[in-house]
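Student: I'd like to ask you about the structure that follows.
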Amino acid sequence: MNERKLGTDGDTYLDSSGRVARCSTYMESVVQRVRCYMRTFQGECFVNSEYGMPWYDEVLGADSFLMKHIAATVKENVLLIDGVESVDGINLSLTGRSISGTIKIVTTEGTTTVTV
């Protein structure tokens with residue numbers, strides 16, 4: 001893979017040899033794409049205003065009674081990400097104004113869980 005690897009803070013970093021770290025597997029690359037997509041508000045990226053989750057339009061402001069709707073919106077959008085073949089499960093929790101959870105995705109290399 002020739003995709004830059006992002007650290008926990010969402011920024012690139014240098015590996016032990018002083019070069020920008022790269023994703024080592026396809027699965028790692030897809031997981032990173034899902035995390036980036038989930039952390040981007042739709043319309044935030046000026047180069048591609050369609051990229052990102054529709055947090056403002058469909059998710060934020062919804063209460064916990066609408067978790068099925070939120071999960072369906074997340075699933076629909078995660079399936080648009082290059083490399084994701086299917087979504088096997090979504091476990092989200094809404095605490096105040098924060099949403100967190102896990103998404104179980106399937107790629108050509110197998111199944112993994114992404115923490116969002």
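The values are calculated or read from the model by the stated rules, or taken from the named source; none is laboratory data. Predicted model only: the values in this text are computed from it and were never measured. Counting neighbours? That spans all protein chains shown, and the Cβs are built from the backbone with ideal geometry, glycine included. Heads up: the accessible areas ignore ligands, DNA and RNA and are worked out on the full protein's heavy atoms, side chains in. Shrake-Rupley method; radii C 1.70, N 1.55, O 1.52, S 1.80 Å.
Student: Can you tell me which of (1) in a helix (DSSP H, G or I); (2) open to solvent by 70 Å² or more (accessible area, probe 1.4 Å) is the one A72 doesn't meet?
Tutor: (2)
Student: Let me ask another. State all residues of the stretch 5-51 that are of a type in the set (S, T, N, Q), part of a loop (DSSP other than H, G, I, E, B) and more than 18 Å from I103 (Cα to Cα); if no residue qualifies, say none.
Tutor: Those that are of a type in the set (S, T, N, Q), part of a loop (DSSP other than H, G, I, E, B) and more than 18 Å from I103 (Cα to Cα): S16, S17, S24, T25, Q42, N48, S49.
Student: I'd like to verify a number: residues in the stretch 75-87 that are touching a residue at least 40 places away in the same chain (Cβ under 8 Å) and either among the hydroxyl-bearing types (S, T, Y) or open to solvent by less than 90 Å² (accessible area, probe 1.4 Å) (or both), how many?
Tutor: Adding up the residues that qualify gives 5.
Student: Output the residues belonging to the stretch 1-24 that are over 13 Å from C36 (Cβ atoms), charged (D, E, K, R) and at pLDDT below 90.
Tutor: Hit for the stretch 1-24 is D15, nothing else.
Student: Within the stretch 1-53, count every residue that is β-branched (V, I, T) and open to solvent by 100 Å² or more (accessible area, probe 1.4 Å).
Tutor: Of the residues in the stretch 1-53, 2 are β-branched (V, I, T) and open to solvent by 100 Å² or more (accessible area, probe 1.4 Å).
Student: Would you mind finding the one in I105, I99 that is modelled with pLDDT of 85 or more and within 15 Å of the chain's Cα centre (by Cα)?
Tutor: Answer to the selection: I105.
Student: Is it the case that R4 is closer than 27 Å to V106 by Cβ, out of contact with any Ser or Thr (no Cβ under 9 Å at 6 or more places or on another chain) and among the charged types (D, E, K, R)?
Tutor: no
Student: Another question, then. Can you pull out every residue in the stretch 88-116 that is open to solvent by 20 Å² or more (accessible area, probe 1.4 Å), touching a residue at least 60 places away in the same chain (Cβ under 8 Å) and hydrophobic (A, V, I, L, M, F, W, C)?
Tutor: Residue satisfying the conditions is V116 alone.
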